[in-house]
1. I'd like the orientation of helix 84-110 relative to the chain: the angle between its Cα long axis and the longest Cα principal axis, in ° from 0 to 90, rounded to 10.
2. Please work out the Kirkwood hydrodynamic radius for segment 1-42, using every pair of different C-alpha atoms, and report it in angstroms with one decimal place.
3. Counting only pairs 8 or more places apart or on different chains, how many lysine pairs in segment 26-162 have C-alpha atoms closer than 22 Å?
4. Looking only at 104, 92, 22, which one moves most when the chain is put into a Gaussian network model with springs between Cα atoms under 10 Å?
5. If you wrap a convex hull around the alpha carbons of the chain, what volume per residue comes out, as a whole number of Å³?
6. I'd like the orientation of helix 3-63 relative to the chain: the angle between its Cα long axis and the longest Cα principal axis, in ° from 0 to 90, rounded to 10.
7. Using only Cα atoms and rounding to the nearest 10 degrees, what angle (0 to 90) does helix 66-77 make with the longest principal axis of the chain?
8. Could you look at segment 30-150 and say what percent of its accessible area is carbon and sulfur, using a 1.4 Å probe and all protein chains?
Amino acid sequence: MNWQDLGSIGEMISAIAVVVSLVYVAFQIRQNTRQIDQNTKAVQAAAFDSSITHTTTTRQAIFSNEDVTRIYLQGAHDPDSLTEVDRERYRLILHNVLWAIWNLYTQSKVAEELSSDTWQAQAAILKRVSKTKGFQWFWDNYKGEFGPSFHNEVSRLVNESE
């Protein structure tokens, strides 16, 4: 065996080592990609859960307290008939309702895993609420307190339901 033969053997061993390294790197990339996908899904699920919890908490505040329910119903029907304190409470109730819906709207736009069905369900609620005199009062006075894309979406839905 001469130096040329040893050089050829060394090149072959190097080539095998490179192939093994590439296979290992490909395996690691695939594992990393799976882990990132799982983490993304977990974050999206947590964000969705947070949105649902916020929505449920807001609704629970309305149905579990007779005074809040009265303010909500009276405000929806005729916000001008409310006292100054109750009108402020009604405004805050609607703010909470809209923030919960805005949260889900934002989540559905950011998270690809949240289907458009999620937003469509909230849009139906928003359309129903937007038909009230109280919502129209609220939106005319406080729509600037929401982000531009949500503002545009709410305005589109309000116009659509008229």
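The values are calculated or read from the model by the stated rules, or taken from the named source; none is laboratory data. Please read all numbers here as calculations on a predicted model, not as lab measurements. All accessible areas refer to the heavy atoms of the entire protein, side chains included, with ligands and DNA or RNA removed. Shrake-Rupley method; radii C 1.70, N 1.55, O 1.52, S 1.80 Å.
1. Tilt relative to the chain: about 20 degrees.
2. 12.6
3. Counting lysine pairs in segment 26-162 gives 6.
4. Maximum among the listed residues: 22.
5. It is 147 Å³ per residue.
6. It is inclined by approximately 10 degrees.
7. That helix lies at roughly 80 degrees to the long axis.
8. The computed percentage sits at 52.
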